[in-house]
1. Compute the convex hull volume of the Cα atoms of the range 271-348, divide it by the residue count, and report the result per residue in Å³ as a whole number.
2. Can you compute the charge dipole magnitude of the chain about its Cα centre, using +1 on each Lys and Arg Cβ and -1 on each Asp and Glu Cβ, nothing else charged? Give it in debye, rounded to the nearest 20.
3. For a quick check: with amide H placed at 1.01 Å from N, whose amide H comes under 5 Å from V359's, ignoring anything fewer than 5 positions away on the same chain?
4. Please compute, over every Cα-Cα pair in the range 239-314, the percentage with a separation greater than 19 angstrom.
5. Tell me, what are the semi-axes, in whole angstrom and largest first, of the equivalent ellipsoid of the range 192-264 as set by the roots of 5 times the Cα gyration tensor eigenvalues?
6. Please compute the alpha carbon radius of gyration of the range 34-146, then divide it by the globular-protein estimate 2.2 N^0.38 Å. Two decimals is fine.
7. Any idea how far the Cα center of the range 36-89 sits from the one of the range 221-255, in Å?
8. Just to check I understand the Karplus step: with θ = phi - 60° and J = 6.51 cos²θ - 1.76 cosθ + 1.60, what whole-Hz values come out for the range 105-122, glycine and proline as x?
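Read-outs: derived from the displayed coordinates by stated rules, not from any lab. The structure presented is a predicted model; accordingly, all values stated were derived computationally and were not measured. Counting neighbours? That spans all protein chains shown, and the Cβs are built from the backbone with ideal geometry, glycine included.
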Amino acid sequence: MFSDEITKYDWDAITQHIAQKSASDVEVALSKRVCDIEDFMALISPAAAPYIERMAHLSRQYTQERYGKVMSMYIPMYITNSCTNHCVYCGFNHNNPMPRTILTMQEIEQECQAIKRLAPFENLLIVTGENPRDAGVAYIEKALQTARPYFSNLSIEVMPLKSEDYYRLTQSGLNGVVCFQETYNAKRYKLYHPKGMKSNYEWRLNGYDRMGQAGVHKIGMGVLIGLEDWRTDVTFMALHLQYLRKHYWRTRYSVNFPRLRPSAGGFPPNVIMNDRELAQLIFAFRIFDHDVDISVSTRETPHFRNHITTLGATSMSAGSKTEPGGYYTYPQALEQFSVSDERTPCEVEAAIKAAGYEVVWKDWDKIFD
Ligand code: SF4
């Protein structure tokens with residue numbers, strides 16, 4: 001389990017080590033075809049900032065070698081905002097007095113139909129809060145079965161589950177699981193997740209092992225940028241990805257770097273990452289791992305997404321609603337967070353094509369398999 005592996009690393013020591021990286025460490029990293037974790041730390045360090053153009057060039061090259069000039073599109077579908085957790089940065093926080101909804105299967109079907117009217121999405125991400133009693137595994141299973149006739153690729157972003165539950169869901173068409181660790185800083189994790197199941201750092205951390213053991217085809221990872229030192233957090237994530245690749249080598253992986261957005265919780269980010277730093281991080285990740293699917297969601301602005309299209313991103317969401325029933329049933333409900341890119345899927349498609357890239361509505365797995 002990764003909870004054993006992570007004990008080899010110390011948060012503060014890694015933070016310090018990244019800060020000490022020099023221009024010559026960056027030069028060494030850029031000269032290699034295959035980078036290790038030391039090179040990765042150099043590439044995300046402040047010392048790499050002047051090298052961003054070279055990094056962009058390499059990132060584009062490796063992305064095109066692996067993925068061609070193609071962007072895979074996906075769309076999230078929130079099916080419940082009921083949640084027993086108290087994540088301080090989230091609008092669905094249990095303490096937030098707001099109307100809670102758990103969509104019925106009929107409503108889920110209407111949402112699927114509304115999404116298909118937006119664009120020919122084949123790649124659906126089903127999102128829930130954490131409410132094992134009222135929206136647990138059986139509910140998620142039924143939701144997958146309901147969505148299955150409409151989409152060829154189904155992923156979920158839900159509470160961490162037991163291995164046998166992941167396996168059970170793969171039997172109902174589940175292809176991928178997205179789960180964000182939010183932060184790898186074990187000491188401070190509880191400040192952001194004070195109550196509920198999510199306050200259990202280790203259970204969440206080892207969720208990826210359980211997905212791998214269950215044979216989930218694709219695992220999506222991420223940290224929430226804005227909580228802790230982002231350079232240290234993404235280094236832990238890179239270590240985690242390396243560990244997972246070694247142990248569950250049949251699985252495909254994606255990464256995402258969501259920056260904290262305004263939400264009904266009103267939690268101000270502790271750390272601000274600017275666009276240039278996010279671009280540096282994406283380039284560094286691509287140079288470190290040529291194969292990983294890098295996803296950029298509608299949290300980011302059209303300006304940023306247009307630029308990153310040709311420089312390392314391989315998947316994008318579009319037209320996203322972050323409230324349950326947002327496409328059809330309850331279009332005015334409270335969002336989990338507000339999106340930055342409000343363009344329609346067709347407008348996003350047009351921008352990607354204008355950059356000389358092709359758009360596919362399937363997931364990469366379905367293209368490569
Ligand atoms: S981040 Fe997820 S688990 Fe936490 S309060 Fe929001 S919906 Fe619930």
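1. Values: hull volume 8.7 nm³, N = 78.
So the per-residue Cα hull volume is 112 Å³.
2. Details: 40 positive and 43 negative charges, 56 e Å.
Here the size comes out at about 260 debye.
3. It is M71, by chain and number.
4. Working: 1249 of 2850 pairs.
Result for the distance tail: 44 percent.
5. On the way: eigenvalues 104, 47, 26 Å².
Taking √(5λ) for each Cα gyration eigenvalue gives 23, 15, 11 Å.
6. On the way: Rg = 20.6 Å, N = 113, 2.2 N^0.38 = 13.3 Å.
Relative to the 2.2 N^0.38 Å estimate, the range 34-146 comes out at 1.56.
7. 10
8. For the range 105-122, the Karplus curve yields 5, 5, 5, 4, 5, 5, 5, 4, 5, 5, 5, 5, 6, 6, 5, x, 4, 10 Hz.
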